[in-house]
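Inspection log for the structure reproduced underneath, given as structure tokens.
Values quoted throughout were computed directly from the atomic coordinates according to the rules given, and no laboratory measurement underlies them. A quick note: this is a predicted structure, and the numbers were derived from the prediction, not measured. Here the Cβ is made from the backbone with ideal geometry for all residues, glycine too, and neighbour counts use every protein chain on show.
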Amino acid sequence: MSDAKAELNWDKVKKFSAQVSNDIGAAMLGAMSYIGDKLGIFKALAARGPVTSAELSEKTGLSERYLREWLAAMTAAEYVAYDPASRRYSMPPENAMILAREESPFFMGGFIQGIIPNLSVTPKVVEAFKTGAGVPQSEYPPETFESMERSTAGMYRNQLVKHWLPAMPHVIKTLESGGAALDVGCGSGRCAITLAQAFPKAQIFGFDAHPGSVERARNNARAAGLGDRITFDVVDCSKLPAGKFDFISTFDVVHDSIDPAGLLRSIRGALKPAGTYLMVEVNVSARLEDNISAMGRMMYSMSTLYCMSVSRGGGGAGIGACMGEEKARELAREAGFSGFERLPVKDLFSVLYELKP
């Protein structure tokens, strides 16, 4: 044991200790960020100029003492700027694009909202480590799915119609002429709503196995004035109706499905002969050594807490979020798709595959 100690590189020990301390701080800051998003503090800071903690308390109706401590944490993390002379806090406009502007393509409030709901199931995931099972989707709190809606809203608002569908002009032509489109694993319905708004002649459907999400989708469609234009249903998507759709999409659905192979077979069977399937997945590699990065850290952690665990909770494959292009091609081949193309779309978080039946 003494020889092993003597061989330690103490500079590396100290460096790694600092790294772990930083990661613990980041985890605690996640809770602070959740509070800032949940209580609207980020938006309050972004809406006005520099404020004291007392002025922010008056504006928000929140406790000055708690705000002062929260502001200190945010200042230390450089989320918020602080002027010692005036004791005023402000949010740089660049930071507001990520923390406070829901319409921004860089907004991450949905991911921040998901921190606490996902952490709340950690004790159940601990048990799954012992049994090899998982945590069924029904055991996640409703806020989990609310956060998913917010975290993907920008993708549909800023990317889907403006940048992604133009890579498939034949799909645009079909939808403009009244084709039928289905979003599988539709969640809160944001993709279907975006398609209905962009293509008024198209027939739009959204199917999901999670009843709570389908109810949110229906409410969202009604709020958008599209309640009679979109059909949302609770459906086992491994048993889709045959030959009905011109266009089918999935957004980060395949990797956490219970039966991904069966899902893709069902999607292929549900397409018309000239139909198109758009599979959107996480833009990471299947190789662990390629994912040693901040993105990899986030995705493997989210996969453990939700994606993989939900799949295994239903007795499924548990592929996980970082399945990569190789697995996508393998599943497409096994399902009998004749065509598979990675679309030339650059996106930090997403990769797009176009499949033909």
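Given the options GLY25, ALA46, THR60, identify the residue whose Cα lies farthest towards the positive end of the charge dipole of segment 2-101 (+1 on Cβ of Lys, Arg; -1 on Cβ of Asp, Glu).
The one lying farthest along the dipole's positive direction is THR60.
Run the Debye formula on the Cα coordinates of the chain, all scatterers equal and no solvent, and tell me log10 I(q)/I(0) at q = 0.13 1/Å.
These q points yield log10 I(q)/I(0) values of -1.08.
Tell me which aspartates and glutamates have Cα within less than 12 Å of LYS162's Cα, excluding those fewer than 8 residues away on the same chain?
Partners found: none.
Sort out the exposed loop GluC sites (Glu not before Pro) in the chain (DSSP loop, at most 11 other Cβ within 10 Å) and tell me the longest stretch that has none.
104-357
Tell me, in nm to one decimal, what length is gained between LEU288 and HIS170 on full extension, where the rule is 0.36 nm per residue of separation less the Cα-Cα distance?
Value of the extension gain: 38.9 nm.
Kirkwood hydrodynamic radius for segment 1-125: how many Å is it when counted over pairs of different Cα atoms?
16.5 Å
Roughly what angle does helix 324-335 make with the longest principal axis of the chain, taking Cα atoms, 0 to 90 degrees, to the nearest 10?
20 degrees
Do any chymotrypsin sites (Phe, Trp or Tyr not before Pro) in segment 27-132 lie in a DSSP loop with no more than 15 other beta carbon atoms within 10 Å, and if so, which?
PHE106
Which angle between 0 and 90 degrees, to the nearest 10, do you get for helix 142-155 versus the longest principal axis of the chain when only C-alpha atoms count?
80 degrees
With contacts defined as alpha carbon pairs under 8 Å and 6 or more residues apart, what's the relative contact order of the chain in percent?
13 percent
Among the DSSP beta bridges whose two residues both lie in the chain, what percent are antiparallel, rounded to the nearest 5?
Here the share of antiparallel DSSP bridges comes out near 40 percent.
Cα axis of helix 122-131 to longest principal axis of the chain: angle in degrees, 0 to 90, nearest 10?
Tilt of helix 122-131: around 60 degrees.
Could you give log10 I(q)/I(0) at q = 0.15, 0.18, 0.27, 0.28 Å⁻¹ for segment 243-298, computed by the Debye formula over C-alpha point scatterers of equal weight, without solvent?
-0.55, -0.69, -1.06, -1.09
Restricting attention to segment 251-357, which trypsin sites (Lys or Arg not before Pro) occupy a DSSP loop and are surrounded by at most 16 other Cβ atoms within 10 Å?
Qualifying residues, ordered by number: ARG287, LYS346.
Place a +1 charge on the Cβ of each Lys and Arg in segment 247-308 and a -1 charge on the Cβ of each Asp and Glu, then give the dipole magnitude about the Cα centre in debye, rounded to the nearest 20.
So the dipole magnitude of segment 247-308 works out to roughly 240 debye.
Out of SER238, ALA321, VAL282, whose Cα points farthest toward the positive end of the dipole of segment 193-324 (charges: +1 Lys, Arg; -1 Asp, Glu; placed on Cβ)?
SER238
Explain nothing, just the number: dipole magnitude of segment 2-101 about its Cα centre with +1 on each Lys and Arg Cβ and -1 on each Asp and Glu Cβ, in debye rounded to the nearest 20.
So the magnitude is around 220 debye.
Evaluate the charge dipole of the chain about its Cα centre and quote only its size in Debye, nearest 20, assuming +1 on the Cβ of each Lys and Arg and -1 on the Cβ of each Asp and Glu.
Dipole of the chain, to the nearest 20 debye: 440 debye.
Taking 7 Å along the Cα-to-C-beta vector as the label spot, tell me the LEU343-ILE98 distance in nanometres, rounded to one decimal.
The answer from the label model is 2.7 nm.
What is the gain in length, in nm to one decimal, between THR75 and ALA31 on full extension, counting 0.36 nm per residue of separation less the C-alpha to C-alpha distance?
Result for the pair: 14.4 nm of gain on full extension.
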